[in-house]
Amino acid sequence: MARRTFTHRATAIAAVAAAAVVAAAAAASRPVAAAGDHLLYVNCGSDLIKSYDNHTWAADAGFEGGFKWVRTGISHTTLNPVFHTSRYNPGSLTYTLRVPASSSYRLELVWAETFFTAANNRFMDVFVRVDGVQVETIVEALDVYGVAADRPYKLVYPPLDASTYGMPVESTVQVFLQQSPVSGVVPIEARGDPFLSGIGVYEDAEPTPTPTPTPSPGPTPDPDTGVFPPPNPEAINAALESTKAVGAADVPVRANAAASRDKVTQTVARVEESMVAANTAFGVAASTEEVRAAYNAALAAVNAMRSAAVAFDTTYSSSFTPLTTAYDNAISFISGLSPDVCSFITGVVKPFGYADEDQLATNLSAVREAAAAAEAAAATLSEQEAEVMRTAALATAAIDNFIEVVKSDTQPSPVPRVLL
């Protein structure tokens, strides 16, 4: 049965812990989002890109005010680095994410309580607003420590189940977190500020129905005898030669794309390594206005490079990876054919059928289409490589300038020797 599109609904306070169990069970039985689906994840309170739960979490963005909380003495070494930071704000906290494309999305919110060491110290009400027009309650009086102790806790909205899709979003998802008012559940002593460790959205839309393919007309019988002609095994050699010809013509295109990818990957890795050293320096340097300005300039330059690298990766993945896949599939299919005329070589008798002949033509068409797309994208990929190199050079210069500012600062705070 098809799942229905979700219209926002509230989660009652008494169901918070139960909802986590239900979500986990539903996740095991429902379709998993494809790798190409639109998604965006943000690591609150952090300037670094991190990995958690099979996702890449970008540096903190989309917040309105608030303060960073960095926990350096976490006793649980298994707590993912995503939860070493968070953003909090007295009274209330707001995040706004712009979705990659108009579609249906689910919202993920993650926390780990690294400040309080007992329940009943911090309660939050969490709300969501879609496209700036409708506010719905996600959860009320959430006590993260109360439901998860000092371990990670995740809420998914709309809640996962096998019969619904995500919430329709045209452009933005806005999350509000506020300190819960004192009530029969929230004690007057609970004065902890609302906080968030990570926020993300991922596409979960009803799939577009696959059109029914038009059946092949098939072979035509001889008008005099009514006998169908046998499939032509020579089609195997013809398809092999045609596929190889397309592949050979695109060898330079694929080689140049692969070289560009390697160059971009190595360049970005070098800059990221330098930024790690800059983050270390910023953590121990005196917090002067000049130091902060230089660090922010370096961070902005690195984020510009990251955006350029994402654009490059998107073009490469969408235009060049399919060519390699189509070519490999075509050659693999040809290699697996063994008509009677080849059985003395292969030792396998597998009559060559009409379906095989049709598949040869389909595979060759896929290779040609992928080759055309790769050739058309070659100029774009080259421009994007140049942009990555340009922004990487600016980021390197900004990081070097920050390090010089730290070294020249007269304050007594130490700077790691490796940076001097």
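Extending 7 Å from the Cα toward the beta-carbon at both E404 and A300 defines two label points whose distance is 1.8 nm. Proximity of backbone amide H atoms, modeled 1.01 Å from N, is registered between G198 and C44, V110 at under 5 Å, excluding neighbours fewer than 5 places apart on the same chain.
Think of each Lys and Arg Cβ as +1 and each Asp and Glu Cβ as -1; about the Cα centre, that makes the dipole of region 134-188 roughly 140 debye. Centre-to-centre, using Cα atoms only, region 247-291 and region 86-148 are separated by 33 Å. Extension gain, T314 to A386, is 24.4 nm, computed as 0.36 nm per intervening residue step minus the present C-alpha separation. If a paramagnetic tag sat 7 Å from the Cα of T208 along the Cα-Cβ line, which residues of region 146-165 would have the backbone N under 20 Å from that point? Only 165 fall inside the zone, counting backbone N under 20 Å. Rounded to the nearest 10 square angstrom, V185 shows an accessible area of 80 square angstrom against a 1.4 Å probe.
A 1.4 Å probe over all protein chains sorts E383, E272 by accessible area into E383, E272, starting with the largest.
Potential lengthening of the chain between K263 and D53 amounts to 72.8 nm, from the contour at 0.36 nm per residue minus the alpha-carbon distance.
Would you mind classifying region 82-172 by shape? Square roots of the alpha carbon gyration tensor eigenvalues, ordered a ≥ b ≥ c; an a/c under 1.5 is rounded, otherwise it is prolate if a/b is larger than b/c and oblate if not. It is prolate, given that a/c is not under 1.5 and a/b is the larger ratio.
Cβ-Cβ distance of K154 and N256, R₀ of 56 Å, FRET efficiency by 1/(1 + (r/R0)^6): the value works out to about 0.85. Applying a DSSP loop filter and a limit of 13 other Cβ atoms within 10 Å to the GluC sites (Glu not before Pro) in region 116-210 leaves E170, E189.
Computing FRET efficiency as 1/(1 + (r/R0)^6) for A101 and D328, where r is the C-beta to C-beta distance and R0 is 41 Å, gives about 0.90. For region 87-95, backbone phi angles converted through the Karplus equation (6.51, -1.76, 1.60; θ = phi - 60°) give residue-by-residue couplings of 10, 9, 7, x, x, 7, 9, 10, 10 Hz, Gly and Pro being listed as x.
The calculated FRET efficiency for F116 paired with D161, based on their beta-carbon distance and R0 = 35 Å, is about 0.65.
The values are calculated or read from the model by the stated rules, or taken from the named source; none is laboratory data. Remember, predicted model here, so these are calculated numbers, not experimental data. Reconstructed Cβ throughout: ideal geometry from the backbone, glycine too, with neighbour counts over all protein chains shown. When the accessible area is computed, the model is the full protein with side chains, heavy atoms only, and any ligands, DNA or RNA have been set aside. Shrake-Rupley method; radii C 1.70, N 1.55, O 1.52, S 1.80 Å.
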